[in-house]
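These notes concern the structure reproduced below.
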Amino acid sequence: MEAHTDRFKVTAGRELKNELSQIFLSLLPPGFTILRQIGMSSFPDPESAVEQARAIRAEVIERMPELLEEFERNAVSRGARVLWARDAREANDIILDIARQRGITYATKGKSMITEEIGLNEHLIRNGVDAYETDLGEVITQLLELPPFHIVGPAINVPPEEISAVFLKKGIIKEPTTNPIELGKAVRVYLREKFRHLEMGIVGVNMAVAATGTIVNVENEGNIRMTKSSPKTLVAVMSLEKVVPTMADAVHMVRILCRNCTGQKMSSYVSMDTGPRKQGEVDGPEELFIVIVDNGRSEIYRDRETRDVLRCIRCGGCLNTCPVYAKIGGYPYGFAYSGPMGQVLNPLLLGIEETSDLYRACTLCGACRQICPAGVDHPSLLLTYRAREVSRKGKDRKVEKSLAALVTLGISRAWIWNLGVRIMRPLFRRLAQNGNITDMPLGLKGWFTCRDLPDMPARTFHERWIDRRDAPLPERQRKKEV
Amino acid sequence: MVSLFIPCTVDLLMPEIGTAACELLEHLGEQPVYHQDQTCCGQPLFNVGYRDQARRVAKHFIEVFGRDERIVSPSGSCVSMVKHHYPELLSHEPSWYGRARELAGRVFELSQYIVDVLGVTDVGAAFDGSVTYHESCHVLRSLGVSDQPKKLIGAVRGARYVELNNATACCGFGGEFAVGFPEISQALVKDKATNFLNTGADVLLLCEPGCLLNINGYLHRNHPEKKAMHLASFLAGNMKEA
Ligand code: SF4
């Protein structure tokens, strides 16, 4: 997927003014948060359930290489073919080759973030293999060429009129309608046709069980199960971190994932596939390929400071709790992953240089870390990226860097600090009116778009302390009032 | 002996909060000391990404406060900086790391100190009016301090406590964030202010100077009749004369 992370501020500004987006954002995250709370409270002991999930993810990222090998062994012994892809291009080529060798003209797709990350749809379509999304929201975003607005409801903000128009254009409906039920039904009929003659299905993977070689998918519409069971050839695409040690772990993670995502105890469909159809079985694909995509993750894994990013199970809980996401929605993040999940992941996948706004657009409030069932410490990762950006040698931030050096000098020696105060105060006071500053030059403009700043008082606390200490005793009582 | 750690925002822009903290502690029988060598904890540098610089600042802080039995500050985020980030910053220098770890256990946010260490909830203040409380992110989520300020508020005679809607939502300050992403920050502080106005409370209390600058800056511009206040100022200002 083409990244647009450099347009963060512009897109965010636009979304803040988009009334429809704002309506959805005022409803969606709070709504999901309530559902999540209800869902989580159905655990006998929600806190321990989260602890357990975090422990499972901790184990996964400690043992990832051996778990992946174990998964491969077991998947292969059950008849699956496991293919490793170093990067997006390799993964795309592998999948395209599978399609070409079988003369396949189209494939259906289950909603999957990894295939968005590697830009699989674009690659297949460019090379003559049509790729049809089958999740209702994804169908709409694909037709409208929109990035996902929300992880669970990628097209939830698109008005029915727009959906109707594009469905009409693509021949999915004959008459315009804004009735959501009719629109949904039309897509169902349209997709059934695709499933009926399906040669190849492509899905993501929510969990890959090392002990059994099983791939697990959760969904609510049944389209993934259709995509998995209808075709002759099934391709499952997963990133390294999807692996979990045992089936019990996978089941616990499913329980946690669904509760954190939509508040459901279990999604409407959970499908588990261990190898392709075996002799005597009535359904399932004849061949199963599992493509394991690295795309930069080995490096993320090797780096102790970034490894924790791989804990993420893409539940979306952090999006729903992030104050920034709740104001701007998914578009500004400019890539497959949005919200705090995207803020920690995209910079590592796309590079620190191109993603500065992502790791700086954060107040470090810590709500994401608190809610994350996988134990990702988002603020700490964002701070690491900020430090990496600063330590890069380059001309940019030159002024800021000298300023930081000056401030550091001042902070490390009180006399310089106090001297600085005496120099700054008259400058401050000149800007102030009635004890307040309403605007300031130099990079601080942003503060004053909606806020004032109090003037620097005549005496700092430091000076007040000295005044107080030096005052004679009765005075000292009175000085209390300063 | 308790040592006052006055954050730079308080020192430079809101010294009355420092004075209030000092008065409160004295009123409770403490004799706070204030090291004149202190400056800033380095949080702004650290948050922007200047780690080497923040490390130097951390060492300065440890030199200044290293021998104190207990250190108290009217800022949750600065306490969190010292408690959580100093050890992390100095993790590659064993002797400094040891000192940072040791210091971490002795730093307290003011309300936490009063309630948990001194065991006081009623400081002897009275206020005829209604109040509400904003749960600043670092106070709440980094330090887990939430009951303490509420207990202190609850014990103020005459004060009626009104629940703030979305009290735990971020006010949109975030230091550099407020300057770098003004529109998003504005949307957040506007929500906070609106929730405050909707309570009808006379004053919004909090324990974090950063949030205070942000919320009061916004209120001053848009709703000058309303204001937020640091809990220390509120308590000290409404203390009955002993
Ligand atoms: S970072 Fe945590 S909360 Fe966010 S999507 Fe990943 S697992 Fe869920």
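The values are calculated or read from the model by the stated rules, or taken from the named source; none is laboratory data. Because the structure is a prediction, the values reported are computed rather than measured. Quick reminder, even Gly has a Cβ in these numbers, built from the backbone with ideal geometry, and neighbours come from all protein chains shown. The accessibility values were calculated without ligands, DNA or RNA, using every heavy atom of the protein model including side chains. Shrake-Rupley method; radii C 1.70, N 1.55, O 1.52, S 1.80 Å.
Of note:
- Take every Cα pair under 8 Å whose residues are at least 6 apart in sequence, average their separation, divide by the length of the range B:121-241, and the relative contact order is 32 percent.
- Set of lysines with alpha-carbon distance to A:LYS228 below 29 Å, sequence-local pairs under 8 removed: A:LYS109, A:LYS111, A:LYS169, A:LYS170, A:LYS185, A:LYS194, A:LYS242, A:LYS265, A:LYS278
- When each of the peptides B:119-126, B:231-238 is scored by how many other beta carbons lie within 10 Å of its residues on average, the order from highest to lowest is B:231-238, B:119-126.
- With all pairs of different C-alpha atoms in the average, the Kirkwood value for the hydrodynamic radius of the range B:2-116 is 14.2 Å.
- The convex hull drawn around the Cα atoms of the range B:14-56, when projected onto a plane and averaged over every direction, covers 4.1 nm².
- For B:LYS150, the lysines whose Cα comes closer than 20 Å to its Cα, not counting residues fewer than 8 places off in the same chain, are B:LYS192, B:LYS227, B:LYS240.
- Annotation: peptides B:155-166, B:200-211, ranked by per-residue average of other Cβ atoms within 10 Å with the highest first, follow the order B:200-211, B:155-166.
- Rounded to the nearest angstrom and listed largest first, the equivalent-ellipsoid semi-axes of the range A:1-141 from its Cα gyration tensor are 32, 28, 16.
- Alpha carbon convex hull of the range A:413-470, projected area averaged over orientations, nm²: 5.0 nm²
- Averaged over B:213-222, number of beta-carbon atoms from partner chains that fall within 10 Å: 5
- Scaled to the globular estimate 2.2 N^0.38 Å, the Cα spread of the range B:119-205, given as radius of gyration, is 1.20.
- Close amide H pairs (under 5 Å, H built 1.01 Å from N) link B:SER136 with B:CYS207, residues at least 5 positions away or on another chain.
- For the range A:154-166, the Karplus equation 6.51 cos²θ - 1.76 cosθ + 1.60, evaluated at θ = phi - 60°, returns couplings of x, 10, 4, 8, 7, x, x, 4, 5, 5, 4, 4, 6 Hz by residue, with Gly and Pro reported as x.
- Full extension of the chain between A:ILE23 and A:GLN433 gives 143.8 nm of extra length, using 0.36 nm per residue less the Cα-Cα distance.
- Under a 5 Å amide H cut-off, with hydrogens placed 1.01 Å from N, B:LYS227 pairs with B:LEU204 among residues at least 5 apart or on other chains.
- Carbon plus sulfur fraction of accessible area for the protein assembly as shown, probe 1.4 Å, in percent: 52 percent
- Percent of alpha-carbon pairs separated by more than 46 Å within the protein assembly as shown: 27 percent
- ³J(HN,Hα) computed for each position of the range B:45-59 - Karplus, 6.51 cos²θ - 1.76 cosθ + 1.60, integer Hz, glycine/proline x: 4, 4, 5, 7, x, 8, 6, 4, 5, 4, 5, 4, 5, 4, 5
- Kirkwood hydrodynamic radius over Cα pairs of the range A:284-328, then Stokes diffusion coefficient at 20 °C and 1.002 mPa s, in µm²/s: 156 µm²/s
- Taking amide H atoms as placed 1.01 Å from N in the peptide plane, the amide H of B:PHE108 lies under 5 Å from those of B:ILE71, B:VAL72, B:SER73, each 5 or more residues away in sequence or on another chain.
- The mean number of partner chain beta-carbon atoms within 10 angstrom of a residue's beta-carbon across peptide A:354-362 is 3.
- Distance between the C-alpha centres of the range A:170-206 and the range A:322-365: 32 Å, rounded to the whole angstrom.
- In order along the range A:79-89, phi translates into HN-Hα couplings of x, 7, 10, 9, 10, 9, 10, 5, 9, 4, 5 Hz, rounded to whole numbers, per the Karplus curve 6.51 cos²θ - 1.76 cosθ + 1.60 with θ = phi - 60° and x for Gly and Pro.
- The aspartates and glutamates within cross-link reach of A:LYS445, meaning a Cα-to-Cα straight distance under 19 Å and a gap of 8 or more places when in the same chain, are A:ASP357, A:GLU400, A:ASP455, B:GLU176, B:GLU183.
- The Kirkwood hydrodynamic radius of the range A:119-260, based on inverse pair distances between different Cα atoms, is 16.7 Å.
- Within the assembled protein chains, the solvent-accessible surface assigned to A:TRP465 is about 40 Å², based on a 1.4 Å probe.
- Exposed-loop-free span, longest in chain A, where GluC sites (Glu not before Pro) count as exposed if DSSP calls them loop and at most 11 other C-beta atoms lie within 10 Å: A:287-480
- Pair-distance distribution P(r) for the range A:288-388, from all Cα-Cα distances in 5 Å bins starting at 0: 2, 13, 25, 26, 19, 8, 3, 1, 0 percent.
- Along each principal axis, Cα extent of the range B:49-171, largest first, Å: 51, 30, 17
- The range B:129-197-the range A:250-267 distance, computed between alpha-carbon centres (Å): 32 Å
- Unit charges on C-beta of K, R, D, E only; dipole of chain A, Debye: 1840 debye
- Most mobile listed residue (B:HIS230, B:HIS92, B:HIS138) in chain B, GNM with C-alpha springs under 10 Å: B:HIS92
- Taking the helices alone, chain B has a mean residue ellipticity at 222 nm of -13000 deg cm²/dmol, built from -39,500 (n - 2.57) per DSSP H run of at least 4 residues and averaged over all its residues.
- Mean per-residue shielding of peptide B:43-56 is 6, counting Cβ atoms of other chains within 10 Å of each Cβ.
- Length, then width, then depth: along the principal axes, the Cα atoms of chain B run 52, 46, 27 Å.
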